1. For region B:386-433, with all protein chains present and a 1.4 Å probe, just round the carbon and sulfur fraction of the accessible area to a whole percent.
2. Counting only heavy atoms of the protein chains, get the accessible area per residue of region A:462-507 (1.4 Å probe) and round it to a whole Å² value.
3. Measuring from label point to label point, each 7 Å out along Cα→Cβ, what is the A:Glu364 to B:Lys342 span in nm?
4. List, shortest first and in nm to one decimal, how far the label point of A:Glu400 (7 Å from Cα along Cα→Cβ) is from its counterparts in the other copies.
5. Can you give me the convex hull volume of the Cα atoms of region B:481-570, divided per residue and expressed in Å³?
6. In whole percent, what relative contact order does region A:481-570 give with Cα contacts below 8 Å and a gap of six or more residues?
7. Output wanted: per-residue J couplings in Hz (rounded whole) for region B:22-38, from phi through Karplus 6.51 cos²θ - 1.76 cosθ + 1.60, θ = phi - 60°, x for Gly and Pro.
8. Rounded, prolate or oblate: pick one for region A:441-481, where a ≥ b ≥ c are the square roots of the eigenvalues of its C-alpha gyration tensor, a/c under 1.5 means rounded, and failing that, prolate if a/b is larger than b/c, else oblate.
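The values are calculated or read from the model by the stated rules, or taken from the named source; none is laboratory data. Everything numeric here is computed off the predicted structure, so don't read it as measured data. In this analysis, Cβ positions are derived from the backbone assuming ideal geometry, glycine residues included, and neighbour counts consider all displayed protein chains. Note: accessible area is taken over every heavy atom of the protein model, side chains too, but ligands, DNA and RNA are not part of it. Shrake-Rupley method; radii C 1.70, N 1.55, O 1.52, S 1.80 Å.
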Protein chains: 2
Amino acid sequence: MAQKPGIPKGTRDFSPAEVAKRQYIISAIKHHFETFGFQPIETPTFENSSTLMGKYGEEGDRLIFKILNSGDYLKNNEVLLQDKILLDSVLDGFFVRLYNDLTFKSSVSIKTIHDKFSESEINSIDNWIEGNILDLKNKLESLEEQTFKKNSLKNLIIDNKNEIFKSALSIIKKISLNLNWESDFNRLKMMLLTNKGCIDFSSYYASQISEKALRYDLTVPFARYVVQHQNDIVFPFKRYQIQPVWRADKPQKSRYREFYQCDADVVGSKSLWQEVEFVQLYDGVFTSLGLNGVTIKINNRKILSGIAEVIGAKDKLIDFTVALDKLDKIGEDGVKKEMLEKGIGEDAIQKVQPLFNFTGSINEKLDKLNELLATSEEGLKGVEELRFICDNVAAIGLGESTLDLDVTLARGLNYYTGAIFEVSAPAGVKIGSIGGGGRYDDLTGIFGLKNMSGVGISFGLDRIYDVIEELNLFPDTVTESTKVLFINFGDKESLYAMKAVKQLRGAGIKSELYPDSAKVGKQFQHADKRGIPFAVLTGDEEINNNTFTLKNLATGEQEQVSLEELKNKIQ
Amino acid sequence: MAQKPGIPKGTRDFSPAEVAKRQYIISAIKHHFETFGFQPIETPTFENSSTLMGKYGEEGDRLIFKILNSGDYLKNNEVLLQDKILLDSVLDGFFVRLYNDLTFKSSVSIKTIHDKFSESEINSIDNWIEGNILDLKNKLESLEEQTFKKNSLKNLIIDNKNEIFKSALSIIKKISLNLNWESDFNRLKMMLLTNKGCIDFSSYYASQISEKALRYDLTVPFARYVVQHQNDIVFPFKRYQIQPVWRADKPQKSRYREFYQCDADVVGSKSLWQEVEFVQLYDGVFTSLGLNGVTIKINNRKILSGIAEVIGAKDKLIDFTVALDKLDKIGEDGVKKEMLEKGIGEDAIQKVQPLFNFTGSINEKLDKLNELLATSEEGLKGVEELRFICDNVAAIGLGESTLDLDVTLARGLNYYTGAIFEVSAPAGVKIGSIGGGGRYDDLTGIFGLKNMSGVGISFGLDRIYDVIEELNLFPDTVTESTKVLFINFGDKESLYAMKAVKQLRGAGIKSELYPDSAKVGKQFQHADKRGIPFAVLTGDEEINNNTFTLKNLATGEQEQVSLEELKNKIQ
């Protein structure tokens, strides 16, 4: 039976019209990246796991797609199987000994045994188990080197033997009353292996069978690229990168497991002119896409630090900004109530009272901040940086976008060290941010290159697509494909047609001959279904006169034309 | 300690210059695809394993990159661990019973036991083992449903119980003399599990922990796309697709684990005009890239079938074409010697003698084939098809490429059913084929859509890149990036500069301000290293006069210009 075709959840096929629309957006982004002096790089779809793991937090690590080592990993290196057997031999030995020493019989449940033993005898089981740890160690070390050489799990078990047996002990104690030897013996092993307090066998196995992983974002591969190729790069280095990334997120509306990121970053300079440029870059792209009324929100990590200083609670900063961000929705009282609930004191809230009525021009906001953060050196530095950026953006001017200062903006709080950007769609479009970015002072440190400040922004292709679609801003020409279909009347006529088709294609006109000499009606229908605006008919008369009958499929008008006229009419 | 950055073997980073050159080739291919009426689609990076597996032969399956199920697959669904434990419980039960029934003791080796038993007693062990199969079946079926529900391995074991125990029996017999119970007991299990004659646990485990795989080519995903979206597609459907694919091949020079394919296919028509078009398409792309002297080789599967018929050995067809292909290298005698060695008879070789001197024009070759294949209906059909294609290509005309008929061309023999294409680089460039393709009569059948003939070609991006590089045919303009660097003299001057930069960028000129007011020498050095041809200097004088000092960095010439003049000079 044939397979029913489908694709993995969270992924998408793109039809010709969708590809064309996506390309339209990507072209606009690319054009602006390039006029701003950014140069493209591309990195591999998969990186070594060690490059990616540990860079995105515990949650991020979990969402990274891992690739199975190639080849027949089980048959060829048998590491997994060796591990499995090693582990069995250790644990089975342990349990069999327990079984023998307590003279259990296979048909007798532990409960029965348990009833037979006094409390003090049960305690002696503990002692027995602990005494066996040494024995286990010896057993492990005497395991034939030939079979288990280079087996890292052996070392892992030896290193963690105390933990393993403490876990075993506690599990046995916990479930011994209900344990039935025959079937639960194995369940016990399973519990032991998956017990969090014990070894993380799950990660261990994953690391044994997978050494590569799909790109999770473009920033870490970029940092890796910069360090790896540092001798070939001229700094400051302005690079852009437009490639897909993959995340094993739970798929839901507008959240995909495969999606494009469009990033531009500069690395190797602390100049604030770059922040000025990025605001212009956002504006340039969105203005050229006809997306008027976009708001480019800016903040600075140092201002957030300043606020934390002023409220005297660095650890409450996230709670504070999250609550403050709800000002529009739940009002001043609601926000203050939430802050109090989160443990931010009345005094602290009082000190930042101006933030609850934080309106006006950017300059007015900056003046308020200047006053508010007067006691925080770092906060004042943030105000100064923001003023430089906003003043210069204003002096140079923006197209159809608006710059605004948003002190609740805190994305990637632990990551950014200076400017923070986020772009929201025009008012009325209910969609999250369509771009974001910021400055991070030590981009490449993790790969060994210190003191490299970076600043960058990202465009959210899928969201931008949705906004343009919703506002009906895709130009009709974007999805235009074939301009003219030559009707197929047979081989002789087709050869005549194909010679003309060749000329039209040479002039850049998308042209086709219908491949089969089907009924003319069917061919016209084909043109209609595909939205092809012109048809050309070639019969004996046309061939003899070296002309073409051009039919406008929208109006039905028909005329005899020369090849040159044909080119001009269709172009 | 910082990690040393690197990328997985067989993958590549692409620098800005490399990306630009690749894009140059891709643009040429895309432009021709589109003028020929092909429309772009994109499919996901990973497909369901079931979509890909079994489509590329056993070797292909092995080379498909598999993706680990996302999430903490061991901790969350515990399937692997359940299987492991289920398997243990079955096998351990088996071995423990063996142990008990034979009253082995843990310190006694099987050899000792073996010495104690007579031949007939050993045979009775066989009987015992076979008798236990029923017991095993009962045990499996009584396994607590709660724990092992939905466990497909349980069914796998039940279905294969006879095989498993035959294997176990034979292994035990084979190694029993040298078996030491304590340590070899486990090795025995390992042998049983990896034994080829038994269950393929390796594939089973892979299927349990991986359900997705990276795209291996663009043809199978295209077939899947066509069937899945058949109701939205207008047939004949001309699609192109330019995306990377992944193969776990052993990396070597010019063979990568990640590489781009550029495919154009038509599905839903048997018209030979499409073959005519594909020859023109190859010619159009290579001519526009300046790659003169490319040979587009064509053959037809039906001609190969005809030859097989004539030599009376269908199974020897591959041996025959492989040998014939060496004519240039080892001469007629060498080829015939190889054919004889491969078991192709003297008679058969005699019958196709004309193929050993197969020169002349395409028409001459077709005439020879017509004679040679006179007894083969299928062969003659192949000649007829080729004649149609070659005659029409000649009548329409090619640019800088040559069409040739190559009867040794047999790529993807089991796949293609009609035309077969392969393109070789211009003479003198030592590189394999730079493109290939053909017709396949049942592209989509595997996914349930019958009678869909397809024909398509592919461009080998990496090879084309290497050829263009070797022949030095990349235009200099391809890698041009920033045209002008504004020297940074401080914030006031920079603001003045940035206003001009904005204008230039608006006119599509790639322009930058050096981000820091570093020493002027350092800034010029930066422009030099990056190959930026112009610098602009802006001091008080320029600001007061509303002018710019433009410096040509190649000649050193300097002049004062207005913004308008600046635009024109740099453009």
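1. 48
2. Normalised by residue count, the accessible surface of region A:462-507 is 43 Å².
3. Placing both labels 7 Å along Cα→Cβ, they lie 8.6 nm apart.
4. So the label point of A:Glu400 gives 4.3 nm to the other copies.
5. 84
6. 31
7. 5, 5, 4, 5, 4, 4, 5, 5, 4, 4, 5, 3, 6, 5, 7, x, 7
8. Prolate, because a/c is 1.5 or more and a/b exceeds b/c.
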